[in-house]
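Q: Sending over a structure as structure tokens; questions will come in a sec.
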Amino acid sequence: MPPLTPLIKTDFENILKNYPLGEYKSHKHIDWALGNTVYLLKTTKLKYILKVCEQSGEDLLKFQIDVLNYLNKKGIPVAPVLKTKTKRNLIHYNGKPVLIQKFVSGKHPKKIDEELMKEITNLFGLMHKYLLRLKLKGKHTCLNHFKPSLDKVGTIPKINFRREEKDLIKQLKKLNQKYLRRCIIHSDLRDVNLLVENNKVQAIIDWDDAHEDYLAYDIGVFLLDPSVKNGRVDKKILKSFFKGYQKHVKLTDEEKKAVYYFIKARSLSTIAWCSRQIRVHKEHTARLKNIRLKMIKRYQVLNDFGVDNFLELF
């Protein structure tokens, strides 16, 4: 995908005048970053990540930067935002907010084995432990889990989306929200947002969707992919996750149930996303339908497993 904001050598040179990061050497557009325009930038000093923020307002960006800086100080591996010569986190270039982050080496894990899962689990628990303590002004909250989605998805092959969503919302509304803790969450923590080297997490990246929400939802998002393997719920990997996570954050009974329902909610939202993208990107129809079918099968496995069996994993 071409950059939303194309930049050339002169642009980078002008931006770098604001930073103590050396002189421009080269740049490369990172095309898998769809929401913003992201470049790998090389200078006479080091490599950096330069992001042109295409969608978020400045208030939200400052909020997300505060979260990153806080976690960085706590030792959680993130890519901190670097300050300008005048100690600012953001500049504006051609009317758009621009920030530069530390470059972190590593690759997205192709699979999450038992060793890597233990590493992620420990990190996840620590991250939530610290985020539960973080009190920021101007919180950005998103608690839409108890309302129907706006996606125009009816019956698609193998699933009646609206009926499943309606039933799931009924179950979510039965939860006692008094015992569902809220904190700042990543909200999209999965393999593509992890940089790993030698089975060690080097950085949790892409905090563009960070907001205040239920910590159980953050867990549900992450567990969607590893929770089902070969057409079955992977009890071993889930038990390992909950054992490690709860060394740092002990989940309430309502949160344990909520994790199960939020895994299902995330799978439904992914199914809806695929359906929406099929309408927009017809050239990717085959690939998107394949992803949607896999997600429907995963949802059905989780649905058949049931909340009672899920709670036995703790």
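Q: So residue 2 passes all but one of these: (1) modelled with pLDDT under 90; (2) within 21 Å of the chain's Cα centre (by Cα); (3) not β-branched (Val, Ile, Thr). Which condition number does it fail?
A: (2)
Q: Right, something else. Can you tell which of 298, 276 is buried (at least 21 other Cβ atoms within 10 Å of the Cβ) and not assigned by TED's automatic domain parsing to the domain that holds residue 81?
A: 298
Q: May I pose another question? Check whether at least one residue in the stretch 247-264 is within 23 Å of residue 109 (Cα to Cα) and surrounded by fewer than 18 Cβ atoms within 10 Å (Cβ to Cβ), and report yes or no.
A: no
Q: Give me the strands (runs of 3 or more DSSP E) completely within the stretch 124-215, filtered to those with at least 1 residues that are small (Gly, Ala, Ser) and surrounded by 15 or more Cβ atoms within 10 Å (Cβ to Cβ), ordered by residue number.
A: Qualifying strands (runs of 3 or more DSSP E): 200-204.
Q: Another question, then. Give the number of residues within the stretch 194-238 that are polar (S, T, N, Q) and either outside the structural domain of residue 291 (by TED's automatic domain parsing) or in contact (Cβ under 8 Å) with a residue 40 or more places away in the chain (or both).
A: 3
Q: Still on this structure, I have one more. Looking at this structure, is residue 185 among the hydrophobic types (A, V, I, L, M, F, W, C) and either over 20 Å from the mean Cα position of the chain (by Cα) or on the phi > 0 side of the Ramachandran plot (or both)?
A: So residue 185 does not fit the description; no.
The values are calculated or read from the model by the stated rules, or taken from the named source; none is laboratory data. Just so we're clear, the structure is a prediction, and the values are computed from it rather than from any experiment. We place every Cβ from the backbone using ideal geometry, glycine too, and count neighbours over all the protein chains shown.
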